[in-house]
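Report on the structure given below.
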Amino acid sequence: MRTGTIVVATDGTESSRAAVRWAAREADRRGAALRVTHVLDWEWAETRYEFGTGRFSEARKAAEGVARGGVALAHETVPGLPAEIDVLVGNPAARLLAEADDAGLLVLGSRGRGGFASLLLGSVSQRVAVHATSPVVVVRGRGDVTEGPVAVGFDESPTAERVLQTAFEQAAARRTGLAVIRTYLPAIPVYVAGFTAVDVTTPEQDAAERRRLEEQLAPWREKYPDVAVDALLSHDSAAAVLSGVSHGAQLVVVGSHGHSTLAGTLLGSTGLQLLHHADCPVLLDR
């Protein structure tokens, strides 16, 4: 059964510290408890003869210290916040995926220990973000940003309305505006063959698409009258537009599209590109 608890993973890196600070503020905003989790990467099969040396006990003690440091940082960010430590043992991605099953929200940093400088997103964070069953926030870019609107991509997927609801809820909770991004490829007349949709001016199609978007947003504007909505229409890719908007936003909301055992197909290309390139935290709604 899913709870309202926010689970944040920490390994002591600056990326995970940013995640803890973000998670603490979000828990305070929601009135939720915070669980600061550290996974001790320990292979039982390879180390079963090392218990007599005390290495496991030392490693466990160090892991508890990392988790306690995360709780201290959470309390520094939000004094008095209900927070607990949770030390897990095993494969980090697998254990965090199990934690996500009953979490209200799982918060991750964009990089972890052992990550290569050339990688924009750590392998553990990507695997967990792609396959988790709970909503996930990957704190990246300007991780501590608290100003600017919430941004959301609104498409024709089956989950689009739920994702839009999450975006409105996030904007309302933060008392900020919402940028709703709709991207589409207009039909290109034959006489302009050789040009891409991005380069072609199609005022009539754009006007029709904007009217449709405004009609879809009308009930949400009525439900959230205090949220100022800026509807943006573009012929560019959703990932490109949302990545650009992320430089001035405090949060980008994106939905998942289906489930698969293949890495990447759970989120689709837009979600994965944002996890690598967004300049603010990204909320993957499920």
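Computed from the coordinates by the stated procedures, all read-outs in this text should not be read as laboratory data. All of these numbers come straight from a predicted model, not from anything done at the bench. Cβ coordinates were reconstructed from backbone atoms using ideal geometry, including for glycine residues, and neighbour counts include every protein chain displayed.
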Starting at the first residue of segment 157-169, write each ³J(HN,Hα) from the Karplus equation 6.51 cos²θ - 1.76 cosθ + 1.60 with θ = phi - 60°, in whole Hz, x for Gly and Pro. 6, x, 9, 4, 5, 5, 5, 5, 4, 4, 5, 5, 4
Highest mean first, how do 274-283, 212-221 rank when packing is the count of other Cβ atoms within 10 Å averaged over residues? 274-283, 212-221
Once you have the Cα-Cα distance between residue 269 and residue 160, take 0.36 nm times their residue separation minus that, and quote the gain in nm to one decimal. 37.7 nm
Sort 79-89, 19-29 for me by packing, meaning the mean count of neighbouring Cβ atoms within 10 Å per residue, highest on top. 19-29, 79-89
For the peptides 154-162, 233-241, 8-16, what is the packing order when you average, over each peptide's residues, the other Cβ atoms within 10 Å and list the highest mean first? 8-16, 233-241, 154-162
Give me, ordered by chain and number, the residues 5 or more places off residue 137 or on other chains with an amide H under 5 Å from its own placed amide H. 106, 107, 108, 284
